[in-house]
Structures are given as C-alpha cells and as structure tokens.
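The values are calculated or read from the model by the stated rules, or taken from the named source; none is laboratory data. The shown structure was predicted, so the numbers you read here are calculated from the model rather than taken from an experiment. No Cβ is skipped: glycine too gets one built from the backbone with ideal geometry, and neighbour counts run over all protein chains shown. Just the protein is used for accessible areas: all its heavy atoms, side chains included, with ligands, DNA and RNA removed. Shrake-Rupley method; radii C 1.70, N 1.55, O 1.52, S 1.80 Å.
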2 protein chains.
Amino acid sequence: MTQPQPDPTEDPRLRFRILFGPDCYLGPGKADLLERIRETGSISAAGRSMSMSYKRAWLLVEEMNRMFRDPLVESTRGGSKGGGARLTATGEAVLDHYRALHRIMTDAGSNRIAALKAMLADMSDGK
Amino acid sequence: MTQPQPDPTEDPRLRFRILFGPDCYLGPGKADLLERIRETGSISAAGRSMSMSYKRAWLLVEEMNRMFRDPLVESTRGGSKGGGARLTATGEAVLDHYRALHRIMTDAGSNRIAALKAMLADMSDGK
DNA sequence: CTGCGATATGTTCTTGGAAACATATCTGAG
DNA sequence: CTCAGATATGTTTCCAAGAACATATCGCAG
C-alpha cells in the first residue's frame, strides 16, 4: 500500500502555492499549520511547535475558515483543558489534497528537476 | 505544434519554487527575470519592466550565475548602447525547464486543484 | 465562585529586506 | 578625450510584516 515515498526534507524539494484569487491562496505554511493542529489538537500548541506566534497562527486559521465554504478548523473555548481545536472533515480533505498534490507534482516533474539539479555548481569545489 | 495552453494569469494558478539547498533555489521571480532579460537584452530594462530595482535584478542574476556550474546570463559593459545582457545556452535551458515544469505540474495536479477550487467559498454571496 | 488554560482580538514595538540614493567603471561613438 | 548608456557595487533610508505585549472571554474542575 504505502510505497516508499521520498523524504520531503531531502534536498531537491518542492514548495508550491495555489493562488485562487486576491487574498485567497493555499501554501506550505497553511498546510503545515493544519497538520500540526490535527496532531496537537490546539492552535497555540501548533503555532508553538513551528515557532509561530499564536496571533499569526490564529490569523491563518481565520483566513482559511473564511476562504472555504465550510470551516477547516473548529475550536472550543473553556473546559477542563481550557479549550482546543480540531480539523473538520473539510479541513482533513484540504490537507489531504495539498499533500497529494505535492506527491503528484514532485513525481511528474522529477525528470526536469533532476536535469536542473545536474546543472548546479558543485558545492564541494574550492569555491 | 503549439497547442492552446491555459492562460497563466487565469485564476486557479500555481507558483512554485525548487529548493536545491541553503541559499540555492529557483522560483518564479528568477524565472520571470530570465525571461525579461532574454526579451529586452538588458538587466536594467528587465528589472524596470517588472518594477524591480536594478540592484535587486542584478543581485538575482549574480545569485543565479553562482548557483549553476555555468552562468545563465552574460553581460557586457560599455559600447555604443552602453552595454547589455543576454541568456547563455544554459540560461535558456534553465528557463525552458522551469516553464516546462509549470505546465507539467499544473496538468498533473489539475484534478486536485479543481477539487480544492470547488470547496472555496462563493465570493459573490452577501459576504 | 474562583482559578486555570485555552481561544479571541486589539495595540504597540521591532527588525529584516527592499527601495532609494550614490558612485565607480567600462567602451564604442562622435 | 569626452559623452552616453549600461553594468557593477556600496551606503543609507524606509516601511510593512511579524513579534511582542496586553486583555477579554469562555467553561469545567475543585
């Protein structure tokens, strides 16, 4: 099932952003944030884990919730643990699409990317 | 030969950057700059045409020339028209690879991108 | 009913990156 | 031999994005 997929931190790697319109885009920052919210169950913890201020994390969440028809993140205040946040089904779907796109695009472009890499200067020469 | 390719300014559009290593990446800014240098034959004119300062344009050119084994842009100083710049064969190849990647990736991801677009909020509702 | 821990939101402060400015240099033309 | 027009490179100025700070609110636990 899960075939060995290339380490996304390995070096020729791809970052992309989809621009749907003015002030309406989806990029690696938002995707990572979604992933960490899913993992941590908290906007603030997600932000901390990527050394992002709570303010900025909350701002991005608000932006995402406004740009899609249904919100991607649901949050609750108060309670025994103070509150929390989790991905909605839409949020899971968006994250999934983004991750899938990364795989698909990396794969489709691997030839060209390799060709570019082959043209790079050798980093290990005398400079 | 040239089949009708989608207008790259039309709305769900893609921007991407390839990270080869620290301080070693290729993105839309550098690609556009290369294209305009090819068109105008001048670094300063290319910069002006995309409202970029000459300093910045020159800096990007220097960065590109250093990161690849062979320079992408050749420039001459002095002469009847003051000087100029043009793409080397390597420069043409790099630009070509980048443009090709955009087409390939957009095509390969069209399904997922369309799916995401379908989930967007309707911009024309009462807000 | 008080305190805790998280969300929610506004205000102020800081800083890195780009713009703007300033020169120096090159070379063919006249 | 000077001028024009472009490259080449350093210095200063500016500004907006983000960090930092400050509160307000919520709701269960105890």
Label 7 Å beyond Cα on the Cβ vector: B:SER75 copy-to-copy distances, nm
4.7
Amide H contacts under 5 Å for A:LEU72, restricted to residues at least 5 apart in sequence or on another chain and with H modeled in the peptide plane, are A:ASN65
What average count of beta carbons from other chains do you get within 10 Å of the Cβ of residues in A:15-28?
5
Nm distances between the label at A:LEU120 and the same-position labels in the remaining copies, 7 Å along Cα→Cβ, shortest first?
3.3
Value at 222 nm in deg cm²/dmol, rounded to 500, when DSSP H runs of n ≥ 4 in chain A each add -39,500 (n - 2.57):
-15500 deg cm²/dmol
Structure shown: which of A:LYS81/B:LYS117; A:LYS30/B:LYS30; A:LYS55/B:LYS30; A:LYS117/B:LYS81; A:LYS30/A:LYS81 lie over 30 Å apart, alpha-carbon to alpha-carbon?
A:LYS81/B:LYS117; A:LYS55/B:LYS30; A:LYS117/B:LYS81
Cβ neighbours within 10 Å from other chains - mean over B:92-104:
3
Mean separation of Cα contacts under 8 Å, 6 or more apart, over the residue count of the range B:28-118: relative contact order %:
24
Could you tell me the convex hull volume per residue, in Å³, taken over the Cα atoms of chain A?
177
Rounded to a whole number, what % of the accessible area of the range A:28-118 do carbon and sulfur atoms account for, probe 1.4 Å?
48
In nm, what is the difference between 0.36 nm times the number of residues separating A:TYR54 and A:ILE104 and their Cα-Cα distance?
14.8 nm
Take peptide A:110-117, look around each residue's Cβ out to 10 angstrom, count Cβ atoms belonging to other protein chains, and average those counts.
5
